[in-house]
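Notes follow once the structure below has been shown.
The values are calculated or read from the model by the stated rules, or taken from the named source; none is laboratory data. The structure displayed is predicted, hence computed values, not measured ones. Glycine gets a Cβ as well: all are built from the backbone with ideal geometry, and neighbour counts include every protein chain shown.
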Amino acid sequence: MRVLEARGKIYDYFHKSPEIIKNHNKFAAYYTAMYLIQDTGEALTYHRGQGFSQNPFQAYIEFWGVMQAVYIQQDAILELYRAVTGQKLNIACDSKWMKIRCMRNILAGHPSNQGETDRIKRTFLGRNFGDYQSIEFETWDEQMEQNFGASTSIDVGNEEVSQLLSHVHHGKLKLGDLIDAYDDEAAKHLESILSHLCNHWPMDK
């Protein structure tokens, strides 16, 4: 992953500069963030090479481990940026960084309001959801309830409920491609941290 390569360059430069040692809080933030970036990056790289388990229960846990690892890595990069530059890293709303972060929350079933209608959608994973090439998920839309009624008891033979279930949306996410695109963006943020180090932090002579 490019994130690990960029992290390595920051590590190499840091150990040639005494600047951050002067501030214990910044040093602690740097130290923790660098370890988290490395640990998550290596774990994600390893799992990408192995792929998801054929056991659907284990694969489910692995999926959330992958999504949480990305989340932790992002938080670590934000903390590293703040420790080194003293500023907050601004992430574009339409970035892959934000997309994968939002997908983690959406796929966990958190309700989300959609557009001007403010109708609620809930998205969730099923068993045998796929792999890095294609993650399949389902979305329930509040508009279905408006169209077919929410008080109907669930009965397989009930035509109205069958119609309701037929309106569940099925979607696909190319998780591998999204992680790769995020990796490129995250590496660029780390490279900006390295650039700041090179321009503002003196090196030992």
Q) With respect to the numbered conditions (1) within 20 Å of the chain's Cα centre (by Cα); (2) at pLDDT below 75, which one is the sole condition not fulfilled by residue 123? A) (2)
Q: Could you tell me whether any residue of the range 19-27 is part of a helix (DSSP H, G or I), loosely packed, with under 13 Cβ neighbours inside 10 Å and at pLDDT 90 or above?
A: no
(Q) Checking the conditions here, which among 156, 161 is at pLDDT below 60, surrounded by 15 or more Cβ atoms within 10 Å (Cβ to Cβ), farther than 30 Å from residue 35 by Cα and among the β-branched types (Val, Ile, Thr)? (A) 161
Q: Write out, first by first residue and then by second, each pair whose Cβ atoms fall under 7 Å of each other, whose residues are 6+ apart or on separate chains, and whose first residue, in the range 185-200, is in contact (Cβ under 8 Å) with a residue 12 or more places away in the chain and loosely packed, with under 15 Cβ neighbours inside 10 Å while the second is acidic (Asp, Glu) and in a helix (DSSP H, G or I).
A: none
Q. Restricting the search to the range 68-89, which residues are among the hydroxyl-bearing types (Ser, Thr, Tyr) and free of Cβ contacts under 8 Å to residues at least 24 places away in the same chain?
A. none
Q) Any idea how many residues of the range 28-44 are surrounded by fewer than 15 Cβ atoms within 10 Å (Cβ to Cβ) and polar (S, T, N, Q)? A) 1
